[in-house]
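Please read the structure below before turning to the comments.
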Amino acid sequence: MSLKIAANYFIRNDVQSILKKISGFDLNKIYSTKYNPELKNSEIQLLTNKELALEKKNSNERAKSLLQMPPFLPARENLSEILSCDKYLDPLNLTNSNYIFVDISLEIPNDKRMIVVRQKDGLLRKASYQEREKTLQVYFPQDGKSKYLSQMFETNNLEESLKKQKYTLILNKACLELEPNDPEYVRISHRVFDYVNEVHDFELLYSTRFFGTMVFYLIWYKKIENLMLYFLKNKRINDCCDLINLYSIVHEKNNLFVQHLPEQSTDHEKIKVFIEHELKKSEKIEQALNDITKV
């Protein structure tokens, strides 16, 4: 199915609710120490019980904002709209270069800003996505973002970073450098999700803003065997059920296990039927479920 359809599923309220629930909420991990040259020293304050409760509430709200998931989008098509063509300008282009014209009015949002390119052959067209991003970074620079793709994202360097388990570093950098529908962002994020799935490193992304998007990616491409095993080994039965419910929503037209599910089934029965009819290489998963049942 098209990723455009996947994107529509991703933004559904019921899907978002399950993804937020399944992503975890470990405050120690969310507020773990990270390198930040502008980070201020810790402050110690004496608070009343009421003030302490308010601080805890505010801390939880900030943590929820830090877990905001990047959207799951298809790669955009690099279309360029031709505005006009004046071949008489070709001999006048003494620099043999394209010219970019930008509306730099401060009140205009960047996504609405007019940017056009006059090519050396006289063709006038709207700027491509890549041209827009580089130009905007020149006139309206964003901290931490460069005009060129980081060498970290080159295939060989990316694989080396993955071997060093730098998953959150890669994804955070990709979010800063690229738009979520940029073909490079799609390539990078999908490769990270696949690698984490291959080596069973889910714990490193658990309770981060990328876990929910990764779960949706694995469900969309029906690659949830390792994720289900991870939940069962950690005795997270509720997460397994949420995973199954999410799978049922996304693949509502192809739910084979529903036909074999008793009307009043327990969580263990639901998981067992799902494993038997929807998952491949299910021996280890069935054994993990049996181990929980014995306990």
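Each reported figure results from applying straightforward, stated rules to the coordinates on display, with no laboratory input. The structure displayed is predicted, hence computed values, not measured ones. Please note: Cβ atoms are built from the backbone with ideal geometry, for glycine as well, and neighbour counts cover all protein chains shown.
As an exercise, use a Förster radius of 30 Å and the Cβ-Cβ distance of Y221 and K163 to find the FRET efficiency, rounded to the nearest 0.05.
With a Förster radius of 30 Å, E is 0.85.
The angle between the Cα long axis of helix 267-278 and the longest principal axis of the Cα atoms of the chain comes to about 60 degrees, rounded to the nearest 10.
A dipole drawn for the chain from +1 and -1 charges on Cβ atoms has a positive end, and of I82, Q165, V102 the residue lying farthest that way is Q165. Relative contact order of the chain, taken over Cα pairs closer than 8 Å and 6 or more residues apart, is 20 percent.
For Cα extents along the principal axes in Å, the value computed from the atomic coordinates appears in the list (i) 83, 58, 36; (ii) 122, 92, 25; (iii) 71, 41, 33 under label (i). Compute the long axis of helix 129-139 from its Cα atoms, compare it with the longest principal axis of the Cα atoms of the chain, and write down the angle in degrees, 0 to 90, nearest 10. Rounded to the nearest ten degrees, it is 70. Taking 0.36 nm per residue of separation and subtracting the Cα-Cα distance, full extension of the segment from N96 to E263 would add 52.8 nm. Which of the trypsin sites (Lys or Arg not before Pro) found in the stretch 119-206 are loop residues per DSSP with 12 or fewer other Cβ atoms within 10 Å of their Cβ? Listed in order of number, the matching sites are K147, K164. Each DSSP beta bridge with both residues in the chain is either parallel or antiparallel, and the antiparallel ones are about 100%. The 3J(HN,Hα) values that the Karplus relation (6.51, -1.76, 1.60; θ = phi - 60°) gives for the stretch 42-50 are, in residue order, 5, 10, 10, 10, 9, 10, 6, 4, 5 Hz. Gly and Pro appear as x.
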